[in-house]
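The values are calculated or read from the model by the stated rules, or taken from the named source; none is laboratory data. Quantities reported herein were computed from a predicted structural model and do not represent experimental measurements. With ideal geometry, Cβ positions are generated from the backbone for all residues, glycine too; neighbour counts draw on all protein chains shown. Side chains are part of the model used for accessible areas, which takes the heavy atoms of the whole protein and leaves out ligands, DNA and RNA. Shrake-Rupley method; radii C 1.70, N 1.55, O 1.52, S 1.80 Å.
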Amino acid sequence: MGRKRKGRDISGWLVVDKPAGMTSTAVVNKVRWAMDAKKAGHAGTLDPEATGVLAVALGEATKTVPYITDALKAYTFTVRLGQATNTDDAEGEVIAQSDARPSDEDIKQALPPFLGDIMQVPPKFSAVKIDGQRAYKLARDGEEVELSARPLWVEELILVDRPDADHVVLEMTCGKGGYVRSIARDLGEALGCHGHVKELRRNWSGPFEAEDGLSIEQIDEMAKTEALDDYLHPLETGLSDLPELKCTLEGATRLRNGNPGMVLASGVEYGDEAWASFDGKAVAVGIYKSGELHPSRVFVT
């Protein structure tokens, strides 16, 4: 029998403004320690040198992580033109160079093909698994890595600044699984000059904004105190993209036991995914069918 995990039974979301030089896993471990939480996870990895919003789920909120992972996200990033690297960012080794520099108009005209439903090949140095192993591990070991293209929805990609001939600042809003490094790499190739990400910041992810995030220094200052609890968002925030259906006490009891429960439905159709609430608190997520919610995830409160 395994040891019981120590810590508080605390649930909710803590928004962190991740600094450069720290892994997403390290941020989660920091939050879990600071809040003395039994369980923690995050919704969407940021590269170590990237900054911005990293939403950390605690306790029962970890069950809502997939809905934040699937939500739209927005980034501001700087592309270094004229150089390609083996990691598609500034941490890698330069593998190709060019003296060509596109004009602002050239860049604007190159952006439309990156909008809408596109196919994107992830960077070789990424967490994508190949035969059970992470691509970045294979790449570090010197093995040849071949990754398949994956679908990505890009809602917006715009030029916001051109500091100098070598750099361009872009903003992108995209769906799940997008690699900004791949956008920079492929844009550089389309412009005939190569390119890689020099700086990257995630501005928002679903309902969470970087400007509302705590710094690591703030988390350290408030660690192990009730002051940090005041910044916790309710787990229901992670369900903001799903319709809410209210249920009776009887319906809530049935749902908590894993059975279909009666809900008051409005604006949903048969087969829609939704979440049920009782007294404003999430009870379960599931599929709506004929006046009942059939639960797929149940929240323990």
Å² per residue, accessible surface of the range 1-94 at 1.4 Å: 42
Listed peptides 40-48, 241-249 by packing density, highest first (mean Cβ within 10 Å): 40-48, 241-249
Degrees separating the helix 24-34 axis from the principal Cα axis of the chain, which is the longest one: 40
Using alpha-carbon coordinates, inclination of helix 180-190 to the longest axis of the chain, degrees: 30
Highest-first arrangement of 19-25, 189-195, where packing means the average Cβ count within 10 Å: 189-195, 19-25
Label-reachable residues, the range 153-185, where backbone N falls under 14 Å from a point 7 Å from Asp106's Cα toward its Cβ: 165-168
Additional length obtainable on full extension of the chain from Glu226 to Ala20, 0.36 nm per residue less Cα span: 71.4 nm
Peptides 207-215, 91-99 ordered by average Cβ neighbours within 10 Å, highest first: 207-215, 91-99
Cβ-based net charge around Leu242, under 13 Å, with every Lys or Arg adding one and every Asp or Glu removing one: -4
Solvent-accessible area, 1.4 Å probe, carbon plus sulfur percent, for the chain: 47
Label corresponding to Cα Rg over 2.2 N^0.38 Å when calculated from the structure given, among [x] 0.94; [y] 1.01; [z] 1.13: [z]
Structure-based [θ]222 nm, the chain - -39500 (n - 2.57) summed over DSSP H runs of at least 4, per residue, nearest 500: -5000 deg cm²/dmol
Residue among Ala40, Gly52, His167 farthest towards the positive dipole end of the chain, charges placed on Cβ: Ala40
